[in-house]
1. Let me know the shape class of the chain, please: from the alpha-carbon gyration tensor, a ≥ b ≥ c as square roots of the eigenvalues, rounded when a/c is under 1.5, otherwise prolate if a/b is greater than b/c, or oblate.
2. Report the equivalent ellipsoid semi-axes for region 123-236 in whole Å, largest first, defined as the square roots of five times the eigenvalues of the gyration tensor built from alpha carbon atoms.
3. Please list, by residue number, every one of the trypsin sites (Lys or Arg not before Pro) in region 1-96 that is coil in DSSP and has at most 12 other beta-carbon atoms within 10 Å.
4. Which chymotrypsin sites (Phe, Trp or Tyr not before Pro) in region 29-124 pass both tests, a DSSP loop state and at most 12 other beta-carbon atoms within 10 Å?
5. Would you calculate a helix-derived [θ] at 222 nm for the chain, using -39,500 (n - 2.57) for each DSSP H run of n ≥ 4 and dividing by the full residue count, to the nearest 500?
6. Mind checking the full-extension length gain between Val376 and Asn399? Use 0.36 nm per residue of separation minus the Cα-Cα distance, one decimal, nm.
7. What angle, in degrees between 0 and 90 and rounded to the nearest 10, separates the Cα long axis of helix 83-94 from the longest principal axis of the Cα atoms of the chain?
8. Highest GNM mean-square fluctuation, the chain, Cα pairs closer than 10 Å: which of Gln53, Gln250, Gln329?
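Every number in this text was worked out from the coordinates using simple rules, so none of it is lab data. Remember, it's a predicted structure, so these values are computed and weren't measured experimentally. Positions of Cβ are backbone-derived with ideal geometry, glycine not excepted, and every protein chain shown enters the neighbour counts.
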Amino acid sequence: MRTHDVFNQVPPIAPFDNSRNPALIESLHREGAGWAEAEVRELGILAGGTEAQEWGRVANEYPPVLHTHDRYGHRIDEVEFHPYWHNLMDVAVSHGLHGSPWQDDRPGAHTARAAKFYTWGIADAGHMCPISMTYAVVPALRHNPELAAIYEPLLASRVYDFGLREPSTKAGLIAGMSMTEKQGGSDVRANTTTATPQPDGTYRIVGHKWFTSHPMGDMFLTLAQAPGGLSCFMLPRVLPDGTRNALRIQRLKDKLGNKSNASSELEYENAIGWLVGAEGAGVRTIIEMVNMTRLDCVIGSATGMRAGVVFATHHARHREVFGKKLVDQPAMRNVLADLVIESDAATTVMMRLAGATDRADSDPAEAALRRIALAVTKYWVCKRAPAHAAEALECFGGNGYAEESGMPRLYREAPLMS
Ligand SMILES: Cc1cc2nc3c(=O)[nH]c(=O)nc-3n(C[C@H](O)[C@H](O)[C@H](O)COP(=O)(O)OP(=O)(O)OC[C@H]3O[C@@H](n4cnc5c(N)ncnc54)[C@H](O)[C@@H]3O)c2cc1C
């Protein structure tokens, strides 16, 4: 029995071009990375395509699964992902979102990468976590030049090569960081994990970590108490002899959002680590990685705000209320304008800080600006993201509260970056 016609429902948004964003493109040129516009445009079309939007949706509907043991009872500590997760990672890595500035001497390389990261991130937020950590690890790893010489080219490689194998045999690597323990995450000096020096120069690491994202990464920077104090170590998941390092995944976190990404609790059972930086300089060393991820927290929150704008304005352009399109109702126009202004501001400041990152090495004023403005901006933009997402969701009315609109996913993601 046909009871009614369906009308006044909004058509699917995909495909759309996520690079149609004047605030982004103008700041790309202003910050000296106009040369990257073609690739940003390419990623904008890819990210808004029906395929990538579906990858993101499904990778969050079917979150990763931990397998502590194989069918025969051997300990394996592996996480299985939906194939769409790997598609997302493949696009991100092949476009250098995880490491292009470390290989590219052109002025504006960090700015170009920020614009690409932001443009592609609308496909899925979760996979941007390991992408960000791989980008961020390089400055810290350089505190051990021998390790950096081996790992840096593979960390910057544009080949996504998933699976636990000896790092030097792989075509590309993904990195992670493992700092937070049960008793303290901000206060990492409270870490209790120990590192005991071995005659061959390595250290035996014993302890636990309460939050380690993407445990299928190839290598992790971690903090542990060595004889000389809290120190930074590099732990590969697979050792040079091909055996697995003793990193045991206890369980995966059941998180509010960020469902596509696996975040784990780990135990180190005499795992083997290599010292990065001096003994006792752990915080000073790993803070270089933390600082780079701070920039990505701003980019990630700006990406979410942009998603809210794109989805809410699409809805308002098509939905009719009281005889007019929503977008033509003065009160809704006001709300949308506020969303756009805040999103454009976040985009602009994110690009300014990426520009400061590019110029910090040669310009002390830019280094000083970056030092202060990055922390303040990270606080402010990340703090505003949940309120922005809630407002964008409300533009959809009840439809925004329904999972299939995609807005609950955006809303759940929003508090993470703070
Ligand atoms: C999805 C997700 C993924 C994560 N992935 C990783 C990962 O890969 N590796 C990793 O190491 N960690 C990871 N973390 C953990 C994260 O880094 C910590 O949660 C974070 O550092 C805060 O530490 P905490 O949770 O112990 O909170 P606490 O340090 O206990 O802080 C609790 C609250 O107190 C506030 N606070 C802290 N110090 C002060 C102070 N001096 N004055 C006033 N307020 C203060 C904090 O801002 C916070 O609001 C992840 C977390 C999430 C949610």
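1. Prolate is the answer for the chain, as a/c is 1.5 or above and a/b outweighs b/c.
2. Square roots of five times the eigenvalues give 24, 18, 12 Å.
3. Qualifying residues, ordered by number: Arg2, Arg71.
4. Tyr72
5. The per-residue figure over the chain is -15000 deg cm²/dmol.
6. 4.8 nm
7. Orientation of helix 83-94: about 80 degrees from the principal axis.
8. Maximum fluctuation in the GNM of the chain, among the listed residues, is at Gln329.
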